[in-house]
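Novice: Take a look at this one; I'll ask things after.
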Amino acid sequence: MKLYIKLAAICFSLALFVSCGNADDDVEFGLNGGGDLGLGKPVDDCLNLGDGELVLSIQDQYTTLPGKVSIFFKVSDTDGDPVPGLTANQFTIYEQGRNDECFSTISTTESFARISPNSQIFNNNTILVLDLSNSVLSSSMEELKTASASFVNNVMPASDTESFKMAIYWFDGEDKLHVLNELTHVKQDLLTSIDGINANISNDPSTDLYGAVIKATDKAEKLLAASTTNDRIGAASVVIFTDGTDQASRYTQTAALKKVDNANKNIAFFSIGLGAEIDTDVLGKIGKTFSVFAGNKEQLETTFNDISFRVSEQANSFYLFEYCSPKRDGSGENNLAIQVKEGNRQGAVQTKFNAKGFTGGCE
């Protein structure tokens, strides 16, 4: 993994140029080019930080006069698991100007370093996909409704916000992903749609699981593209529930798993299986981010709650880190390194910013 990171960073350092805005109304964003480090690269050896267990993947960065530097990144470990709940005092800032042999530490207190609410630039979309084939409706419908409602309550913020949205779809044996509730930021709409599920919604005993995976991934890709614009960044989670294996045979397992594996890295995949007829190996690959299995319907709410916790972790591992730089107009392009420590683990990333127009003070 570490070798991959280093190789990826070499490619980025040769090919990547980061452009930063220089005025309050001049904010420029560049899309995450992919890879574990996003827009960043490994820190210079002169810092002697060593190998890290955490990965800071820069999604975007910009500057705002009179001297604020903003970096939006995701923090995960080297296994790809998200690291939520970090605070500003866990970060260390290093700057290197054109006259500096190495980096100097910037006081987080004096620079007013902070983790700002990322809702101003971040969109998070969740797609919940439910198996409503006849076997579910006839044996575990009420438990599934209760578990799904609990999932919505756990994932969606207490107060409706445009930056957190969810859509709910369902499938049976038909070659179609049915809409239960279109993408919305209104939690109550989602709960009402779940409450409306009844035994007559489908009478198809088959299960088009692979088709549902492929179609849900396509929808997540489109949502991600739509929510990632010139002034916002998006992430998405796909959560798929089923109580069985693919029976419709409309699509192959290979096609479904390839779709998941090749999806945008800012799409997380979760799976929930119920009962003895599921294929845990396949569901584990579909839910490559995390998967859980309920032995019986009484365990459904617990497993849905477990996944909701993981989905929330994923969304909360994106940070908008901001500080006031001491660099001033005329210093040109400067190197910036950010290190984070979490328990015994640490990680760092390096990028650049231009201090053109910087003066004293910081908003």
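Novice: I'd like the full set of residues that are under 16 Å from the mean Cα position of the chain (by Cα) and either open to solvent by less than 40 Å² (accessible area, probe 1.4 Å) or at pLDDT 95 or above (or both), limited to the range 249-270.
Specialist: Val260, Asp261, Asn262, Ala263, Asn266, Ile267, Ala268, Phe269, Phe270
Novice: Continuing with the same structure: Counting only residues that are polar (S, T, N, Q) and within 18 Å of Ala235 (Cβ to Cβ), which one in the range 123-168 is surrounded by the fewest Cβ atoms within 10 Å (Cβ to Cβ)?
Specialist: Thr161
Novice: Surrounded by fewer than 17 Cβ atoms within 10 Å (Cβ to Cβ), among the small types (Gly, Ala, Ser) and outside any strand (DSSP E or B): is that true of Gly85 in this structure?
Specialist: yes
Novice: In the range 41-66, which residue that is in contact with a Gly (Cβ under 7 Å, 6 or more places away or on another chain) and not in a strand (DSSP E or B) is surrounded by the most Cβ atoms within 10 Å (Cβ to Cβ)?
Specialist: Only one residue fits best here, namely Gly52.
Novice: Here is a further query. Which of the residues belonging to the range 210-246 are open to solvent by 10 Å² or more (accessible area, probe 1.4 Å), assigned to a loop (DSSP other than H, G, I, E, B) and either among the hydrophobic types (A, V, I, L, M, F, W, C) or within 30 Å of Glu277 (Cα to Cα) (or both)?
Specialist: Asp243, Thr245, Asp246
Novice: When you scan the range 172-196, how many residues do you find that are under 23 Å from Asn154 (Cβ atoms) and surrounded by 15 or more Cβ atoms within 10 Å (Cβ to Cβ)?
Specialist: 11
Novice: Right, Thr105: open to solvent by 40 Å² or more (accessible area, probe 1.4 Å), not charged (D, E, K, R) and not in a strand (DSSP E or B) or not?
Specialist: The answer is no for Thr105.
Novice: Tell me which of these Gly35 doesn't satisfy, since it passes every other one: (1) at positive phi; (2) at pLDDT 95 or above; (3) of a type outside the set (Phe, Trp, Tyr); (4) in contact with a strand residue (DSSP E or B) (Cβ under 9 Å, 6 or more places away or on another chain).
Specialist: (2)
Novice: Which one of these is hydrophobic (A, V, I, L, M, F, W, C), in a helix (DSSP H, G or I) and buried (at least 23 other Cβ atoms within 10 Å of the Cβ): Val349, Val282, Val311?
Specialist: Val311
Novice: Right, another one. Being over 24 Å from the mean Cα position of the chain (by Cα) and hydroxyl-bearing (Ser, Thr, Tyr), is that true of even one residue in the range 330-341?
Specialist: So far as the range 330-341 goes, yes, one or more of its residues are over 24 Å from the mean Cα position of the chain (by Cα) and hydroxyl-bearing (Ser, Thr, Tyr).
The values are calculated or read from the model by the stated rules, or taken from the named source; none is laboratory data. Keep in mind that what you see is a predicted model, and the values were worked out from it rather than measured. Backbone-built Cβ (ideal geometry, glycine too); neighbour counts: all protein chains shown. These accessible areas exclude ligands, DNA and RNA; they are computed on the full protein's heavy atoms, side chains included. Shrake-Rupley method; radii C 1.70, N 1.55, O 1.52, S 1.80 Å.
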